[in-house]
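The values are calculated or read from the model by the stated rules, or taken from the named source; none is laboratory data. Note that this is a predicted model, so its numbers are computed, not measured. Here the Cβ is made from the backbone with ideal geometry for all residues, glycine too, and neighbour counts use every protein chain on show.
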Amino acid sequence: MSPLRKRIKLKGRLKRYMQTSIYLGLLLVIVNLLVYLINVPSGLVVTCFLLLYFAVVLSLQLYNNPVIMNELISFATQYGQVQKVLLRELEIPYAMLDETGRVIWTNEAFERVVHKEKGYRKSITSLFPSITREKLPGEQDMVEMDVAFHDGSYVAKMRKISLSEMVESSDIIAGEGYGGYLIAFYLFDETALRIALQEVDDQSLAVGMIYLDNYDEALESVEEVRRSLLVALIDRKVNKYISALDGICKKIEKDKYMIVLRKKATELLRENKFDLLDEVKTVNIGNEMAVTISIGVGLDGLSYAQNYEFARNAIDLALGRGGDQAVVKTPDNITYFGGKSQQVEKNTRVKARVKAQALREIISGKECVLIMGHRLADVDSFGAAVGIYRIATTLDRKAYIVLNDVSTSVKPMVELFKTHADYQDDMIVNSQQAIELAGSNTVLVVVDVNKPSITECPELLRMCKSIVVLDHHRQGAEIIENATLSYVEAYASSTCEMVSEILQYIGESIKISSEEADCMYSGIMIDTNNFMTKTGVRTFEAAAFLRRNGADVTRVRKLFREDAVEYKAKADAVSQAEIYRGIFAISTCSSEDIQSPTIVGAQAANELLNIRGIKASFVLTEYQGQIFVSARSIDEINVQIIMERMGGGGHLSTAGCQLEGVSVSEGIGVLKGTLDKMIADGDLIIE
C-alpha cells in the first residue's frame, strides 16, 4: 500500500460499519465472563469460540481493509471521470470564468451555441457585449440577466464559486486569507419561449377611435346632392385601409369610427407613420376643404376595457392638440404622429356658450376663486386671469390671482390694478398666500396652461377638489387630469380670446372696465403677433367685443413700448442668427441687464420669421440656471412636435422648452441633433 493510501482512513458511517464485528467481539467477551459465573466448562467452550471468532475477524480486517480502500479510491477516480464527461456532454451550455470574466473552460453545448472550438480563452464580453466586467458577480453570489446571441435569446446565470477552502487544504499552495473565486456560467435558451410570447403579444387586442375633425365644415363646402358621395368615399377609404390590416372598422356615429386591430397591425401603422391621415385628405369631389381625421389607439392594457379607455384618452389628446394626427397610448407611454396642419376654426359658438354656463354654475357653488396661470406669466395668462376675476366678482365671489414673479411684459398691467382704487389690495397673491386660502369651498381656475408642472403653484392642483382649465395650447402627455371643467381649444389664438367669448355668455349683468378690456385685448394682440398669426373670424369678433367695452389700441401700444436695452438685445439676437439647413434660423439672446430675457427671446424668434425662406426660428436664452428655447413658425413646420422631443410643448406655430444642465452652445447642439434626427426619421419633411 502506498504511503498516501496509508494516511487515508475511513470515517463516518462506513468506519462504524467496518468496526461492527469488533464491537460484537467485545460483547462476546462480556457474555463469556457471564457464562464462567454460571458454568466453567461452558465458559471454556465459549472462550474457544471467542478465540476462533477474533482470529477470523482480525484476519478479514487485515486482508479486506486494503482491498476496500483500493476499491473506494478507484471508484472515486472513475466517478470523477464520469462527472467530467457528463459535465462536458451536458446539454445545458456551461462555462467556467475567472474573476475578470475570461473563459477558462467550456462544455460542448456552450461551444455549439457560441460557434467556438474547444480551448476558447477570451473574455466573455467578446461573445456577449452586454456582459461587461461590472455585471459579473462581485459582492453578489448570483447574477441573472437576459442576453442575445445571433438570433437566439438566453438567460445567463453566473454563480460565484469560492476557492478559499481549496487553497487552505492544499499541500502545495500557500495562501492565507486568499479570496479568489471562479464563476460558473450557465445559458438557458428561451428563444422558443420568447417567440411564443411575442406571437401572443402580437395577437393581443388593440382598440382605436377615428374621428372626422371637420365633418360639418367639409360637407358645407360641397353641393348638397354630392354630400352623401363624399361621406361614402371617406367611409370606403377608412374601411378599406383597416381591412387591409386584418382589422374591424365599425361606424358608430356620422363622424366617428371604432376599430379593432391586432397589436402587430399597429406596428405597421407606426412604420407607415399613420399614412391614413394623408390618404383621407385626398378624397376630393369638389369640396373646398380637405377632410382631416384624428386617430386614437390604446394597447397593452390589462383588459379590453382598459384598452378602450386608453383609446378614448388618446383620441381626446389628438383632438385637444388640434386634430389631423394620431395618438397611441399605452400604460407607460404616449406617442404622437402627424399634426402637421393648422386646425380649422369652428364657426359655431355653441361650445363656448355651454362652457360659460358650466363655469358660472361651478363658481356660483363656491365661496372663493383662485386664478392661476403658468410660471413667468405672460400677457395672455394675466389678461385671461383678469377676465375670470371679473366673472367671479360679478357673481359675488371673492377672487384672487396667483402671481409670484412679475415679468417686464406684465408689470405695467399689474401696476395698473395695484394702484387703481376700484380693486382690492389682495387681488394679486403669491403661492404661499394662495395655499392658505385654498380649501374645500374653493375653485381653482387654471388659464393659459394645461401642464401641471409649469403652473404658478402646482401644489394648488392637489389641494383644490374643484378645478377648471381654460387653455389654447395643444395638449401633451402631461395634463391636468382631475379637472371638473376642461375647455382646451387649440384653434383659439389666445386664452384671452376664449375668456372674451365666455364673458359674452356668462350673464347680461357683467360689466367690463376699460383696464380689464385693455388687458385681454393685449393678450390677444401679443399671442397673435399684432393679429398676424393664428387669427380667425372669432379672434376679430373677440377683439371687437373688447373694443366695445373700452379697450384702447393707443393705451395698449404704450403699455408695450420696450426698454432700450431690451430692444438692442432683440436686435442682436436677430443680427447673429445662424441659418441652419437653409430653412431654420437659430440664435441666442443675452440675458444681461434684462429683467425678462425669455420674453425678449420670444419676440426675437417672431422677428426671425420675417426673413425670406425661413420656415422656423429658435432662440435660446439663459435664465435662472436654465436654457429657455422659444420656437416659432408660420405654417409649414410644426414646432410643437420639435419642442416635445426636447421636453416642452406648445402650438403648431408657437412652442418652447426648457433645458437643464447644459450651456447655450450645448443647447444649440441638442436642438440641431433633434432636427437632424426628426428629418432622418421622416417626422419633419423639408422641401
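Here are the numbers for the structure shown:
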quantity: Residue match in the range 306-317 (condition: part of a loop (DSSP other than H, G, I, E, B) and either out of contact with any Pro (no Cβ under 9 Å at 6 or more places or on another chain) or of a type in the set (Lys, Arg) (or both)); calculated: no
quantity: Residue in the range 402-421 that is more than 20 Å from residue 595 (Cβ to Cβ), out of contact with any His (no Cβ under 7 Å at 6 or more places or on another chain) and surrounded by fewer than 22 Cβ atoms within 10 Å (Cβ to Cβ) present; calculated: yes
quantity: Candidate set: the range 535-592, residues that are over 42 Å from the mean Cα position of the chain (by Cα) and of a type in the set (Gly, Ala, Ser); chosen: the one modelled with the highest pLDDT; calculated: 544
quantity: Residue within the range 668-676 that is more than 24 Å from residue 493 (Cα to Cα), charged (D, E, K, R), within 27 Å of the chain's Cα centre (by Cα) and not in a helix (DSSP H, G or I) present; calculated: no
quantity: Of residues in the range 115-135 being over 16 Å from residue 94 (Cβ atoms) and outside any loop (DSSP other than H, G, I, E, B), the one farthest from the chain's Cα centre (by Cα); calculated: 123
quantity: Within the range 191-271, strands (runs of 3 or more DSSP E) holding 2 or more residues that are of a type in the set (Gly, Ala, Ser), surrounded by 14 or more Cβ atoms within 10 Å (Cβ to Cβ) and in contact with a Leu (Cβ under 9 Å, 6 or more places away or on another chain); calculated: 205-212
quantity: Qualifying residue in the range 386-398 (condition: under 27 Å from residue 595 (Cα atoms), of a type outside the set (Ser, Thr, Tyr) and not assigned by TED's automatic domain parsing to the domain that holds residue 641); calculated: yes
quantity: Within the range 551-627, strands (runs of 3 or more DSSP E) holding 2 or more residues that are in the same structural domain as residue 677 (by TED's automatic domain parsing) and under 19 Å from residue 654 (Cβ atoms); calculated: 584-589, 616-623
quantity: Residue among 575, 596, 587 that is out of contact with any Leu (no Cβ under 9 Å at 6 or more places or on another chain), among the hydroxyl-bearing types (Ser, Thr, Tyr) and either free of Cβ contacts under 8 Å to residues at least 24 places away in the same chain or crowded, with 19+ Cβ neighbours inside 10 Å (or both); calculated: 575
quantity: Residue ID - nearest to the chain's Cα centre (by Cα), chosen from residues in the range 508-534 that are among the small types (Gly, Ala, Ser) and assigned to a loop (DSSP other than H, G, I, E, B); calculated: 513
quantity: Residue within the range 159-169 that is part of a loop (DSSP other than H, G, I, E, B), among the acidic types (Asp, Glu) and either at pLDDT 85 or above or not assigned by TED's automatic domain parsing to the domain that holds residue 253 (or both) present; calculated: no
quantity: Any hit, the range 406-428, residues being closer than 26 Å to residue 539 by Cα, in a helix (DSSP H, G or I) and in contact with a strand residue (DSSP E or B) (Cβ under 8 Å, 6 or more places away or on another chain); calculated: yes
quantity: Index of the failed condition, residue 473 passing every other in (1) closer than 30 Å to residue 326 by Cβ; (2) outside any loop (DSSP other than H, G, I, E, B); (3) in contact (Cβ under 8 Å) with a residue 24 or more places away in the chain; calculated: (2)
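Quick grid of which residues meet (1) surrounded by fewer than 16 Cβ atoms within 10 Å (Cβ to Cβ); (2) closer than 21 Å to residue 143 by Cβ; (3) at pLDDT 85 or above:
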position: 52; (1), (2), (3): yes, no, yes
position: 64; (1), (2), (3): yes, no, no
position: 77; (1), (2), (3): yes, no, no
position: 111; (1), (2), (3): no, no, yes
position: 128; (1), (2), (3): no, yes, yes
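One line per residue, one yes/no per condition, for (1) of a type in the set (Asp, Glu); (2) touching a residue at least 24 places away in the same chain (Cβ under 8 Å); (3) assigned by TED's automatic domain parsing to the domain that holds residue 494; (4) farther than 30 Å from residue 561 by Cβ:
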{"residue": "351", "(1), (2), (3), (4)": "no, yes, no, yes"}
{"residue": "366", "(1), (2), (3), (4)": "no, yes, yes, yes"}
{"residue": "375", "(1), (2), (3), (4)": "no, yes, yes, no"}
{"residue": "400", "(1), (2), (3), (4)": "no, yes, yes, no"}
{"residue": "407", "(1), (2), (3), (4)": "no, yes, yes, no"}
{"residue": "430", "(1), (2), (3), (4)": "no, yes, yes, no"}
